[in-house]
Amino acid sequence: LHLVLAEAGSGLVDVEDVDGGVHRVSLLALEGPPPRAGEWLVVHSGYAIDRVDTAEAEAVRDELRGRPGSAGGSAP
Amino acid sequence: VIGAGRVGPDESGGLLFARYAYPPNALGYCGPDRPDTLLQAASHGEANREVRSLVPRFEGASVYLRLIAACNGIADPLDRRVVEAYWVGNSLLRGVPSGRLPQHATGAVGAAPGGEAVAPIAISRGVAHHTFHVFAVYPWLARLRSGKTEPALEVLDRCRIRWGAVQDIAGDMVTVRSRKLVFDGANLGLGPDRLERVRREPGGLGSGADLRPGDMITMHWDWMCDRLPRLSLHYLRSCTQRNLDAVNGAGARASPERPMSARPYDGAATSWTSSRSAAGRSS
């Protein structure tokens, strides 16, 4: 689950994962128009593969951040 | 004992996990941004506690590790037998009813909403192995079937755990004979042998130590993960074929490699020795 930060040209976008890591991913496998900053994407193996509703994405992000081992979690 | 021989029995599960999780992690594809931790663990048998703390952040893998452990009455999802079952396959998978897959696969996808539903036939016939997640949970096969070959087929091929026979070693690069994943317009399968080059751990450490032509190894993305004893090769081939059958809708097809003996855990990990093939073929 990744938040689009900015277009990076040549069919690429920069995205941020739920731990705050920034990655550059390909849009080759994504259907429809290029995503805009602020949209949420499902990413696998360096490719954006699906779009996600913002409310659903933010709910999942919050859940993930609360898990043990996550960047924002309570476990070591 | 694996690799460099510095791994105690309590730690070997984490180190085995590191060997298989490192390649996509180093490429930035999954898990937290900690490839150095994983590589240190895989190569030197260090920092298992750190590896343990990272595993929950591998969203897909951790779901299956918990499932396999729970279904077999094993308290620790990072028990070596459990880790081996997920990445390579072993008889613990027989203890996981296929009916448990939907719930847990959905749980994994639930971390990535928007994913397409796993086909019921795949759920009913699949096995809780890494290839199930690759072939059935991610939408790459659906992309293939809709005519979008690129990059779906390559991702499926490199994301699965492949096996192959070492042909040549040059520094940290290993030439391997393996079978490529193919798609015929409807179904996935294993094609003819091809040669590919993968990297091993720098300096020939860990699983890459004392590697010789004819050794059977596992690969993940562009990386050699481990050597493969004969029994583990059987399981990896069987689990791969079973999940291919599942997503192809041909799970009832007879196969000489049909997996999962009725025995309890058969100790594949304890025979973690080199299995050299004189013919050097991949299968």
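Consider residue A:13 carefully, then state whether it is in a strand (DSSP E or B), crowded, with 16+ Cβ neighbours inside 10 Å, within 10 Å of chain B (Cβ to nearest Cβ) and not small (Gly, Ala, Ser). Can you show your working first?
Numbers: in a strand (DSSP E or B): yes; crowded, with 16+ Cβ neighbours inside 10 Å: yes; within 10 Å of chain B (Cβ to nearest Cβ): no; not small (Gly, Ala, Ser): yes.
It is false that residue A:13 is in a strand (DSSP E or B), crowded, with 16+ Cβ neighbours inside 10 Å, within 10 Å of chain B (Cβ to nearest Cβ) and not small (Gly, Ala, Ser).
Anything in the stretch B:166-193 that is charged (D, E, K, R) and farther than 30 Å from residue B:145 by Cα? List them, or say none. Steps first, please.
Filtering the stretch B:166-193 down to residues charged (D, E, K, R) leaves B:168, B:172, B:177, B:179-180, B:184, B:193.
Of everything in the stretch B:166-193, those that are charged (D, E, K, R) and farther than 30 Å from residue B:145 by Cα turn out to be B:168, B:172.
Is it the case that residue B:198 is touching a residue at least 40 places away in the same chain (Cβ under 8 Å), away from chain A (no Cβ under 14 Å) and either assigned to a helix (DSSP H, G or I) or surrounded by 16 or more Cβ atoms within 10 Å (Cβ to Cβ) (or both)?
Numbers: touching a residue at least 40 places away in the same chain (Cβ under 8 Å): no; away from chain A (no Cβ under 14 Å): yes; either assigned to a helix (DSSP H, G or I) or surrounded by 16 or more Cβ atoms within 10 Å (Cβ to Cβ) (or both): yes.
Considered against the rule, which asks whether it is touching a residue at least 40 places away in the same chain (Cβ under 8 Å), away from chain A (no Cβ under 14 Å) and either assigned to a helix (DSSP H, G or I) or surrounded by 16 or more Cβ atoms within 10 Å (Cβ to Cβ) (or both), residue B:198 comes out as no.
Exactly one of (1) within 14 Å of chain A (Cβ to nearest Cβ); (2) more than 30 Å from residue B:91 (Cβ to Cβ); (3) touching a residue at least 12 places away in the same chain (Cβ under 8 Å) is unmet by residue B:134. Its number?
So the condition that residue B:134 fails would be (2).
List pairs: first in the stretch B:214-234 and assigned to a loop (DSSP other than H, G, I, E, B), second among the small types (Gly, Ala, Ser), Cβ under 7 Å, 6+ apart or cross-chain?
Final answer for the pair search is B:214/B:165; B:214/B:277; B:214/B:278; B:214/B:280; B:228/B:275; B:229/B:268; B:229/B:271; B:229/B:275.
Every residue in the stretch B:72-83 that is modelled with pLDDT of 95 or more and either in a helix (DSSP H, G or I) or in contact with a strand residue (DSSP E or B) (Cβ under 7 Å, 6 or more places away or on another chain) (or both), please.
Hits for the stretch B:72-83 are B:81, B:82, B:83.
Give me the residue from the stretch A:1-10 that is within 16 Å of residue A:59 (Cα to Cα) and part of a strand (DSSP E or B) and, out of that set, farthest from the other protein chains (Cβ to nearest Cβ).
First, pick out the residues of the stretch A:1-10 that are within 16 Å of residue A:59 (Cα to Cα): A:1-3.
From what is left, the residues that are part of a strand (DSSP E or B) are A:2-3.
On the way: A:2: 9, A:3: 13 Å.
In this case the residue turns out to be A:3.
Being more than 7 Å from every other protein chain (Cβ to nearest Cβ) and closer than 25 Å to residue B:222 by Cα is the filter here, so list the residues in the stretch A:27-53 that pass it.
If we filter the stretch A:27-53 for residues that are more than 7 Å from every other protein chain (Cβ to nearest Cβ), which is where we start, we get A:27, A:30-41, A:43, A:48, A:53.
Passing the criteria: A:27, A:30, A:43, A:48.
So residue B:190 fits all but one of (1) under 23 Å from residue B:22 (Cβ atoms); (2) modelled with pLDDT of 95 or more; what number is the exception?
Residue B:190 satisfies all of (1) under 23 Å from residue B:22 (Cβ atoms); (2) modelled with pLDDT of 95 or more except (1).
Of the residues that sit in the stretch B:151-185 and are part of a helix (DSSP H, G or I) and not acidic (Asp, Glu), which one is surrounded by the fewest Cβ atoms within 10 Å (Cβ to Cβ)?
Here is the first cut: in the stretch B:151-185, the ones part of a helix (DSSP H, G or I) are B:152-159.
Imposing the further condition that a residue be not acidic (Asp, Glu) reduces the set to B:152-153, B:155-156, B:158-159.
Numbers: B:152: 24, B:153: 19, B:155: 24, B:156: 22, B:158: 23, B:159: 24.
Within the stretch B:151-185, the match that is surrounded by the fewest Cβ atoms within 10 Å (Cβ to Cβ) is B:153.
Residue by residue, here is whether (1) more than 28 Å from residue A:56 (Cα to Cα); (2) hydrophobic (A, V, I, L, M, F, W, C); (3) at pLDDT below 95 holds:
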{"residue": "B:93", "(1), (2), (3)": "yes, yes, no"}
{"residue": "B:104", "(1), (2), (3)": "no, no, yes"}
{"residue": "B:115", "(1), (2), (3)": "no, no, yes"}
{"residue": "B:130", "(1), (2), (3)": "no, no, no"}
{"residue": "B:147", "(1), (2), (3)": "yes, no, yes"}
{"residue": "B:161", "(1), (2), (3)": "yes, yes, no"}
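What number of residues within the stretch A:54-76 are surrounded by 12 or more Cβ atoms within 10 Å (Cβ to Cβ), modelled with pLDDT under 80 and within 10 Å of chain B (Cβ to nearest Cβ)?
The number of residues fulfilling the criteria is 8.
Please work out if residue B:148 is assigned to a loop (DSSP other than H, G, I, E, B) and surrounded by fewer than 21 Cβ atoms within 10 Å (Cβ to Cβ).
Against the criterion (assigned to a loop (DSSP other than H, G, I, E, B) and surrounded by fewer than 21 Cβ atoms within 10 Å (Cβ to Cβ)), residue B:148 qualifies.
Search the stretch B:139-164 for residues that are over 16 Å from residue B:122 (Cβ atoms) and within 11 Å of another protein chain (Cβ to nearest Cβ) and pair each with any residue that is modelled with pLDDT under 95 and surrounded by fewer than 17 Cβ atoms within 10 Å (Cβ to Cβ) when their beta-carbon atoms are under 7 Å apart and the residues are at least 6 apart or on different chains.
Pairs found: B:150/A:28; B:151/A:28.
May I ask you to verify whether residue B:188 is under 18 Å from residue B:246 (Cα atoms), touching a Phe, Trp or Tyr at 6+ places or on another chain (Cβ under 8 Å) and surrounded by fewer than 22 Cβ atoms within 10 Å (Cβ to Cβ)?
Numbers: under 18 Å from residue B:246 (Cα atoms): yes; touching a Phe, Trp or Tyr at 6+ places or on another chain (Cβ under 8 Å): yes; surrounded by fewer than 22 Cβ atoms within 10 Å (Cβ to Cβ): no.
No: the conditions fail for residue B:188.
Could you grab me the full set of residues in the stretch B:66-105 that are of a type in the set (A, V, I, L, M) and either in contact (Cβ under 8 Å) with a residue 40 or more places away in the chain or in contact with a Ser or Thr (Cβ under 9 Å, 6 or more places away or on another chain) (or both)?
Restricting attention to the stretch B:66-105, the residues satisfying the condition of being of a type in the set (A, V, I, L, M) are B:67-70, B:74-75, B:78, B:82-83, B:85, B:88, B:92-93, B:96, B:101, B:105.
Across the stretch B:66-105, the qualifying residues are B:67, B:68, B:78, B:82, B:83, B:85, B:88, B:92, B:93, B:101, B:105.
The values are calculated or read from the model by the stated rules, or taken from the named source; none is laboratory data. Because the structure is predicted, anything quoted here is derived from the model rather than measured. Heads up, the Cβs are rebuilt from the backbone with ideal geometry, glycines too, and the neighbour counts pull from every protein chain shown.
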